[in-house]
1. Can you say whether residue 388 is outside any loop (DSSP other than H, G, I, E, B), open to solvent by less than 10 Å² (accessible area, probe 1.4 Å), farther than 24 Å from residue 622 by Cα and hydrophobic (A, V, I, L, M, F, W, C), as far as the supplied structure shows?
2. Go through the residues of segment 501-522 one by one and say whether even a single one is under 23 Å from residue 296 (Cβ atoms), surrounded by 21 or more Cβ atoms within 10 Å (Cβ to Cβ) and among the polar types (S, T, N, Q).
3. Which condition number in (1) in contact with a Ser or Thr (Cβ under 7 Å, 6 or more places away or on another chain); (2) open to solvent by less than 10 Å² (accessible area, probe 1.4 Å); (3) over 19 Å from residue 475 (Cβ atoms) is the one that residue 339 fails?
4. Which number in (1) of a type outside the set (A, V, I, L, M, F, W, C); (2) open to solvent by less than 50 Å² (accessible area, probe 1.4 Å); (3) touching a Gly at 6+ places or on another chain (Cβ under 7 Å) marks the one condition that residue 393 misses?
5. Are any of the residues in segment 309-322 in a loop (DSSP other than H, G, I, E, B), under 27 Å from residue 541 (Cβ atoms) and more than 14 Å from the chain's Cα centre (by Cα)?
6. For segment 112-128, check the following and say yes or no: at least one residue is part of a strand (DSSP E or B), touching a residue at least 12 places away in the same chain (Cβ under 8 Å) and open to solvent by less than 40 Å² (accessible area, probe 1.4 Å).
7. State all residues of segment 450-478 that are open to solvent by 20 Å² or more (accessible area, probe 1.4 Å), within 25 Å of residue 312 (Cβ to Cβ) and touching a residue at least 24 places away in the same chain (Cβ under 8 Å); if no residue qualifies, say none.
8. Kindly indicate which of 195, 177, 212, 186 is open to solvent by 80 Å² or more (accessible area, probe 1.4 Å), closer than 22 Å to residue 369 by Cβ and not small (Gly, Ala, Ser).
Amino acid sequence: MENAMEETVEKKTDVIVKGDAALKTQFLTTKDKFHEFVDSGWKGPKGHKTSDNDKPEEEKETSVEEPETKKFKVDPEERNKVGKRIRGQNKSRPHTKPNAFDEKRLCPSVIQDNKECTYGDKCIFLHDAAEYMASKLADIGESCYLYDTFGKCSYGLSCRYAKAHTTPDFKTMENAELIKANEGRETVKNSLKKELQNQLRKRSVAFKKSEEYLKTLANNKEKTQQLGNAVVSADPTGGEQRVSTEAETQASQDKQPPVKTIGPLTDEDVIKLRQCEKKQVDFQDKLYLAPLTTCGNLPFRRLCKRFGADITCGEMAMCTNLLQGQQSEWALLKRHESEDVFGVQVEGCFPDTMTRCAELINNNADVDFVDINSGCPIDLVYKKGGGCGLMTRNRKFEQIIKGMNHVLDVPLTVKIRTGVQEKCNIAHKLIPEMKKWDVSMITLHGRSREQRYTKLADWDYITTCSKLASPVPLFGNGDILSYEDAMKAKETGVSGIMIARGALIKPWIFTEIKESRHWDISSNERLDVLRDFSNFGLEHWGSDTRGVEKTRTFMLEWLSFMCRYIPVGLLERVPQKINERPPFYMGRNYLESLMASQHAGDWIRISEMLLGPVPKNFIFLPKHKANAYK
């Protein structure tokens, strides 16, 4: 009996690997047993099968292989050819546009209350509602979230929940009471208007404040060159000081007044807004959801607001794309009505484009602050001098900050890293300069560009920088996954905390921090969170096939992080650390085990519970690979 117990303990300890999170031994298992259990228990939504692995054991013709379209793991032979383990971003991952899943699409004129089609016989879409309904993909559910919430679904017959609001003669129903209750309600702000888009494309938008600032830059450059020439031409016997002084006197005489002096003058004509007169934002002791590329979309931010996030920020937007009027880039500036303190983050590397972009946002978007991304580590941004590259270009950085401050009526904030090279921190040199440039708030990610996520964030260095930044608020960012982590971070003296991957792994972290507790959230509650995300996604991206598949794709990107969460009740040592890998374990029920899988095929299964079966040609690989938590 003792020998048998010893043998069982030895088997379980074999499963434990250095760097793995400490789980109770009764839940640990091996990779093969884990996937065997998950595959055998999957029944699919309403009996739907996603692969041959979903069949009972006796019906299987092939034992382990999935169909070709579902092979998400890298083939070991291919890995050997490459010579090293694939890590980081999936730059060549497959991508299928959501509109490619519809074989036949209904003309927008039919969807919009049978309006006349402007394209006539040249229109490539269907106009016969009966024909479209016969070829349309099956409905996902019996009730439409948009119809139940707003009283009307603008996607009509193309909605994947059309049965809920369609009559037998293919007419779209409306709920008059709900429509009246939502009348005048603007749930999402900052949409790009067609008129503005046309003006941007024709380059007919006036940037008056930006031009004022850029003229001063040009004049300063010209004066500097004149002074330099004067100094060079001065005689070596002491005439240098005389010549340069004369040049400066001439420059001051040539200086033009800021406005024409005809007519009455007002303070607004000659004096720009001082920092203290701008719209103020209380950043002190707030929980700040980081501007997360891809995953930090509007539906995800809505969830985080419900869980207690104080400040939210849109995904990083390229200033040049905004100035060109690109619809996809402007979508990153959209703000939901629940986001009471909201900012947008812009990226750029030149004073002229960044200043104009700031003025454009200031005049055409409702935001509480604008953030400059000076921490993006990706090559595409860094090599052209943006992101982390700005930290090494002090003169350009200063011109960008001063220019944006000149045109903005809201606070300007900056997000930086410790530096570019791993063992060469430069943030402490930059922060005193940024104070002089009138930055309203600084966020410091405690890693360098070279580190990415391979080592723990340096909170000792963040402590040093927070003292240097005072009285300007400094937020710390890095490795916060529990309320204990947040409490230790607050002890460093930072003004607030920014949470990035911690919110992706468990968005309820904001509730845990505010209530100072560990939430042993059940798998059903987590599924409800995903269900809310899918509903918010359908509202944001649409309830037609295109919107459903876009919602699914963003959900899968999020699940590539969420699968790293380990339920509190399974941990031997609480809390879970962000740098510890989750080992293979059996959950307390099947759904908990399924949510623990780090296989993309299992994430698709979870999405099918909420958004129905995937189309036949659907392929997905996550943008971020699993080394991000090592």
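The values are calculated or read from the model by the stated rules, or taken from the named source; none is laboratory data. If you're wondering where the values come from, they're calculated on a predicted model, not measured in any experiment. Note that we place each Cβ from the backbone using ideal geometry, even for glycine, and neighbour counts take in every protein chain shown. Note: areas computed on protein heavy atoms with side chains; ligands, DNA, RNA excluded. Shrake-Rupley method; radii C 1.70, N 1.55, O 1.52, S 1.80 Å.
1. yes
2. No, segment 501-522 has no match at all.
3. (3)
4. The failed condition is (2).
5. Step one: list which residues in segment 309-322 are in a loop (DSSP other than H, G, I, E, B), which gives 309-310, 314-316.
Next, only the ones that are under 27 Å from residue 541 (Cβ atoms) stay: 309-310, 314-316.
Checking which are more than 14 Å from the chain's Cα centre (by Cα) leaves us with 309-310.
The answer is yes, given that some residue of segment 309-322 is in a loop (DSSP other than H, G, I, E, B), under 27 Å from residue 541 (Cβ atoms) and more than 14 Å from the chain's Cα centre (by Cα).
6. Yes, because at least one residue in segment 112-128 is part of a strand (DSSP E or B), touching a residue at least 12 places away in the same chain (Cβ under 8 Å) and open to solvent by less than 40 Å² (accessible area, probe 1.4 Å).
7. 452, 453, 459, 472, 473
8. 186
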